Amino acid sequence: MTHILKHTNFSESLVLSFLLLLLFASTSCDDFVDIDPPNNQLTSTIVFKDAATVNAALVNIYGQVRNQGITNGGISGSAYLLGHYTDELELYSTSLPGVQLFFDNNIMATDNTVLSLWNSSYNLIYATNNIIEGIKSSSGLVQEEQDRFLGEAYFIRAFIHFYLVNLFGDIPYIDTTDYRINSKISRLETHLVYEKLVDDLVLSKSLLSINYTGTNKVRPNKWVASALLSRVYLYNEIWDKALIETDDIFSSGAYILNTDINQVFLKNSTETLWQFDAGNTGTNTIDALTYIFTSGPPPNSALADYFINSIEVGDARFGNWMGTVFNGTDTWYYPFKYKLNLNTGTTQECSIVFRLAELYLIAAEASAQLGNASDALVQLNVIRERSNLSPITDTNTSVILEAIYQERKIEFFTEMGHRFFDLKRTGTATSELSLVKPNWENTDIYWPIPESEIILNPNLKPQNTGY
């Protein structure tokens, strides 16, 4: 694991984390509680003595997940890297050698980007475990506060592990701050990682309320935990449980699918379950800064031609979620789901992590796999018709599933790795990507465990095949 996991004791790490979170909280948006640092020595007792300090600790973690975590919207995030790794994005820049390795499917165990994502993820998990342990030992929180904070912390821990297991395969599942355990920990088989994931999410769901903390849906509630559970069950082909989770969310009536696709990625979208806070008043998404360009050739990246050519004629997402740059000779397209890359005075867009459209397509896939073609078509066609596409009427399961996978490809392009994860879990990564990616190999479905981490902890062996 990382040096922090190995050598930092609980109280020292807590003091450091708390000092950092205070700095973050002082520049955060109005949705969160800003607190002043106490004048005396910081201890775990002080940090967890009341709701304000625990809240600030969680705010710090959310900010880091947004800015440096696997799911950040910048060039080091999963959306950008996996967009190049698969068939969504084409790289034009010659000054992004790290991204070039992903575009060429040529990353190595010594890759600094992979190491950074591994370390930042486990550091965040460690910080989350700090919070869990601190809350459990605190006598200053009422039960309602304990439940809410623990529910969020268990969710965050599961959320980060979910991305790690889908990128690296067998991984350690860290649920303690004990460096003696973490420094020698081994990787768990993927199915065991998922078992722990489910345990955390079930617990999170039982602790969280249906109500959101603060405004703008920037803190997960019960239904967000349910949404990740449904995704986990889908990935593990537990169709009936995936369907139970989606049905519960639909039945809650808490979310409404936007009929106008231009409303989907706005801050107040009725179909958003969870989104990242923008950070400061008037700022919008990192995603827009990453993808939007105004002149050609593209300074960094653009949507790949083979992705553009896979879109059905008449699909409203083509004209509304993809921007166009024409230089008189050539045309390039870029992701334009988030349209604001400047300060707008008041925040209008936030990076969305879970939205209702995914739940419709999870329900459609689970229903199809369970042999319920009529329900599958209803859920699928809700998404198709919103994009001005004709409904699918064929009741053949294979046809329905193929339509669902195509719909997921277009609906979630450049959103947090959906495309790569779908290709992996359906066993179609090699058959599809080898057609457009000359260097693609079967072993590329997993990233390498960072070599430096294996040197520090040999129990992380064996290295993933192909590296």
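The values are calculated or read from the model by the stated rules, or taken from the named source; none is laboratory data. What you see is a predicted model, and the numbers here were worked out from it, not measured in a lab. So basically every Cβ, Gly included, is an ideal-geometry build from the backbone, and we count neighbours across all protein chains shown. In case anyone asks, the SASA skips ligands and DNA or RNA and just uses the protein heavy atoms, side chains included. Shrake-Rupley method; radii C 1.70, N 1.55, O 1.52, S 1.80 Å.
Details
- Packing-based ranking of 252-261, 270-279, 98-107 yields 270-279, 98-107, 252-261, ordered from highest to lowest mean Cβ neighbour count within 10 Å.
- For the chain, dividing the convex hull volume of the Cα atoms by the residue count gives 139 Å³ per residue.
- Hydrophobic long helices, here whole DSSP H runs in the chain with Kyte-Doolittle means of at least -1.0 and Cα atoms spread over 30 Å or more along the helix axis, are found at 112-136, 143-168.
- Stokes-Einstein diffusion of the range 313-467 at 10 °C, 1.306 mPa s viscosity, Kirkwood radius from Cα pairs, rounded to a whole number: 85 µm²/s.
- Among the listed pairs K337/K437; K424/K461; K339/K424; K136/K184; K217/K437, a Cα-Cα separation exceeding 27 Å is found for K339/K424; K217/K437.
- Taking 0.36 nm per residue of separation and subtracting the current Cα-Cα distance, fully stretching the chain between N343 and S374 would add 6.6 nm.
- Positive end of the dipole of the range 335-467 (Cβ unit charges, origin at the Cα centre): among F412, Q348, L456, the Cα lying farthest that way belongs to Q348.
- Taking 0.36 nm per residue of separation and subtracting the current Cα-Cα distance, fully stretching the chain between V313 and T270 would add 12.7 nm.
- Between S137 and N459, the FRET efficiency from the beta-carbon distance, with R0 = 25 Å, is close to 0.30.
- Estimated FRET transfer efficiency when R0 is 30 angstrom, pair T113-S251 (beta carbons, to 0.05): 0.10
- Solvent-accessible heavy-atom area per residue, rounded to whole Å², over the chain at 1.4 Å: 39
- With 5 Å bins beginning at zero, the pair-distance distribution over Cα atoms of the range 206-329 amounts to 2, 9, 13, 15, 16, 17, 14, 8, 4, 2, 0, 0 %.
- Burial order of peptide ranges 152-158, 203-209 (average beta-carbon count within 10 Å, highest first): 152-158, 203-209
- Packing-based ranking, highest mean first, of 290-300, 222-232 given that Cβ atoms within 10 Å are counted: 222-232, 290-300
- Between K184 and E144, the modelled label-to-label distance comes to 4.5 nm, taking each label 7 Å out from Cα in the direction of the beta carbon.
- Full-extension gain in nm, S206 to Q406, via 0.36 nm per residue minus C-alpha separation: 68.6 nm
- Among the protein heavy atoms of the chain, carbon and sulfur supply 52% of the accessible surface, probe 1.4 Å, non-protein parts ignored.
- For the set T329, T426, T346, T246, solvent exposure ranked by accessible area (probe 1.4 Å, protein chains only) runs largest to smallest as T329, T346, T426, T246.
- Built amide H within the under 5 Å cut-off of W274, gap 5+: V353, F354
- Among the protein heavy atoms, those of H161 account for about 0 Å² of accessible surface (1.4 Å probe, every chain in place).
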